[in-house]
Amino acid sequence: MVNPQMVMYEEEFNQIQTVVDRLVRDANAKVVFIVDKNGQLISAAGDIDNVDTTSLASLTAGNIAATGGMAKLLKENEFATQFHEGEKANIHIQLVGNRVILVVIFDSRSSLGLVRLRVKKASEELNHIFETLLKKVQEPGADSPFAEITDEDIDNLFND
Amino acid sequence: MSFINYMAREINCKLVYYGPGLCGKTTNLQYIYERTNPEAKGKMISLATETERTLFFDFLPLSLGEIRGFKTRFHLYTVPGQVFYDASRKLILKGVDGVVFCADSQIERTEANLESVENLRTNLAEQGYSLDKLPYVVQYNKRDLPNVASVEELRQMINPTSVPDFEAVARTGVGVFDTLKAVAKLVLTELKKGGNG
């Protein structure tokens with residue numbers, strides 16, 4: 001196995017969501033979201049009705065993958081932080097524990113300094129939560145809910 | 001690497017369309033996008049050059065329905081087919097759950113097909129995957145063109161391990177959904193076995 005299966009349980013999800021919700025307030029952010037390195041959205045908070053988080057998640061992961069590729073060529077481990085400044089919106093992207101990506105979108109109501117500061121604290125908390133989660137996933141007995149599905153279930157999905 | 005979210009009760013899987021330049025990977029996704037109900041799909045994103053050649057990837061999120069109360073979502077990606085974009089191709093394969101190899105059936109593309117399938121095998125191996133263990137299907141595209149190799153010949157060259165394969169004309173949609181369904185089924189079957197990761 002290349003990577004352990006990514007699984008999200010209710011307990012850890014709630015902990016993550018609490019951190020993300022607080023980061024929106026503390027950093028005066030518009031939107032905060034967490035994506036895994038494969039582009040799957042894990043959690044989001046803030047003004048998410050007005051942004052396409054699925055697309056943003058996939059593009060963020062692509063961006064981190066491309067930057068990681070550049071780092072490798074320069075014999076760097078990773079470029080853990082990225083910042084994109086626009087006219088109205090800015091994006092701060094932080095790699096957390098080399099596992100997930102924390103994205104903060106903010107405007108002139110906040111500042112890069114504040115975002116950086118709050119992201120640093122949130123990253124530490126998130127890293128801890130994801131470490132626990134990963135351990136839980138690797139425990140024996142943490143079976144996939146899909147172990148019980150039948151071929152018929154799968155076929156039914158494709159019946160037009 | 002699929003992502004099971006107990007909280008949202010959904011499962012997310014990543015499918016990658018691989019193949020030589022201009023074989024029709026993006027066309028496959030475009031057809032799927034056009035023919036899927038709006039509620040079952042997200043926005044299709046294409047990171048392409050000004051001449052509409054894929055630069056990094058195309059992305060299309062799809063919902064297939066529910067299995068045992070879990071929403072099944074598939075994220076479809078294409079890679080850039082042109083040989084010199086190899087570094088980007090490797091990145092797209094990260095975390096892949098299933099692969100579609102899209103071959104160009106035209107006789108003059110024989111070598112390009114072989115080179116691409118070999119490149120797929122190498123790039124997967126670099127990430128620690130084996131093409132022989134991954135959910136994998138082959139599509140012989142552009143069957144409507146006059147100068148195509150026979151399916152038997154293509155099968156021998158590109159599909160020696162006899163994975164499920166399909167004839168297609170992606171432009172008009174022939175074989176497009178058959179290919180998608182086949183690989184999606186294999187991915188779900190793999191999840192059922194619990195061998196995915």
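On a 0 to 90 degree scale, rounded to 10, what angle separates helix A:112-138 from the longest Cα axis of chain A? Roughly 20 degrees, rounded to the nearest 10.
For the peptides B:108-115, A:70-77, residues were scored by their other Cβ atoms within 10 Å and the scores averaged per peptide; the highest-first order is B:108-115, A:70-77. When the C-alpha to C-alpha distance is required to be over 20 Å, the pairs from A:Lys75/A:Lys120; A:Lys30/A:Lys120; A:Lys120/B:Lys14; B:Lys25/B:Lys142 that qualify are A:Lys75/A:Lys120; A:Lys120/B:Lys14.
Sparsely packed loop sites in the stretch B:35-94 (the GluC sites (Glu not before Pro) outside DSSP H, G, I, E and B with at most 16 other Cβ atoms within 10 Å) comprise B:Glu50, B:Glu52.
Please report how far the C-alpha centroid of the stretch B:72-124 lies from that of the stretch B:125-183, rounded to the nearest whole angstrom. Computed from Cα coordinates, the inter-centre distance equals 11 Å. Checking the Cα-Cα distances for B:Lys94/B:Lys181; A:Lys37/B:Lys185; B:Lys71/B:Lys181; B:Lys43/B:Lys192; A:Lys72/A:Lys136; A:Lys72/B:Lys43 against a 20 Å cut-off, the pairs over it are B:Lys94/B:Lys181; A:Lys37/B:Lys185; B:Lys43/B:Lys192; A:Lys72/A:Lys136; A:Lys72/B:Lys43.
Choose one answer from B:Tyr77, B:Tyr33, B:Tyr140: the residue with the largest mean-square fluctuation in a GNM of chain B with alpha-carbon springs under 10 Å. Checking each option, the largest mean-square fluctuation is seen for B:Tyr33. Which one, A:Val31, A:Val100, A:Val137, has the greatest fluctuation when you compute a Gaussian network model over chain A with C-alpha springs under 10 angstrom? Comparing A:Val31, A:Val100, A:Val137 in the GNM, the peak value goes to A:Val137. The eigenvalues of the Cα gyration tensor, multiplied by 5 and square-rooted, give chain B an equivalent ellipsoid with semi-axes of 26, 18, 17 Å from largest to smallest. Once you treat every alpha carbon in the stretch A:10-157 as an equal point and sum by Debye, what is log10 I(q)/I(0) at q = 0.13, 0.19 Å⁻¹? These q points yield log10 I(q)/I(0) values of -0.64, -1.15. Axis angle, to the nearest 10 degrees, between helix B:25-34 and the longest C-alpha principal axis of chain B: 50 degrees. Dipole magnitude for chain A: computed about the Cα centre from +1 point charges on Lys and Arg Cβ and -1 point charges on Asp and Glu Cβ, it is near 1300 debye. Calculate log10 I(q)/I(0) of the protein assembly as shown for q = 0.07, 0.10, 0.11, 0.15 Å⁻¹, where I(q) comes from the Debye formula with a single equal point scatterer on each Cα and nothing for solvent. Reported log10 I(q)/I(0), two decimals: -0.30, -0.62, -0.75, -1.34. Per residue, the protein assembly as shown exposes an accessible area of 47 Å² to a 1.4 Å probe, with every protein chain left in place. Residues considered: B:Leu145, B:Leu55, B:Leu22. Largest GNM mean-square fluctuation over chain B, using C-alpha springs under 10 Å, is found at B:Leu145. Look at the dipole of the protein assembly as shown built from charges on Cβ: of B:Thr172, B:Leu188, A:Ala57, the Cα furthest out on the positive end belongs to A:Ala57.
Straight-line reach from A:Lys135: taking Cα to Cα under 13 Å and skipping same-chain neighbours fewer than 8 places apart, the aspartates and glutamates in range are A:Glu12. Considering only B:Ala8, B:Leu64, B:Thr27, the residue lying farthest towards the positive end of the dipole of chain B is B:Ala8, judged by Cα position with unit charges set on Cβ. Rounded to the nearest 10 degrees, the inclination of helix B:176-193 to the longest alpha-carbon principal axis of chain B is 50 degrees. Across the stretch B:1-39, the residues whose backbone nitrogen lies under 18 Å from the label position 7 Å along the beta-carbon direction of B:Ser63 are B:3-14, B:33-39. Among the residues of A:8-21, the average count of other protein chain beta-carbon atoms within 10 Å of the residue beta-carbon is 2.
The values are calculated or read from the model by the stated rules, or taken from the named source; none is laboratory data. None of the values given here were measured: they were computed from a predicted structure. Virtual Cβ from ideal backbone geometry, glycine too; neighbours counted across all protein chains shown. Please note that ligands, DNA and RNA were not included when accessible areas were found on the heavy atoms of the full protein model with its side chains. Shrake-Rupley method; radii C 1.70, N 1.55, O 1.52, S 1.80 Å.
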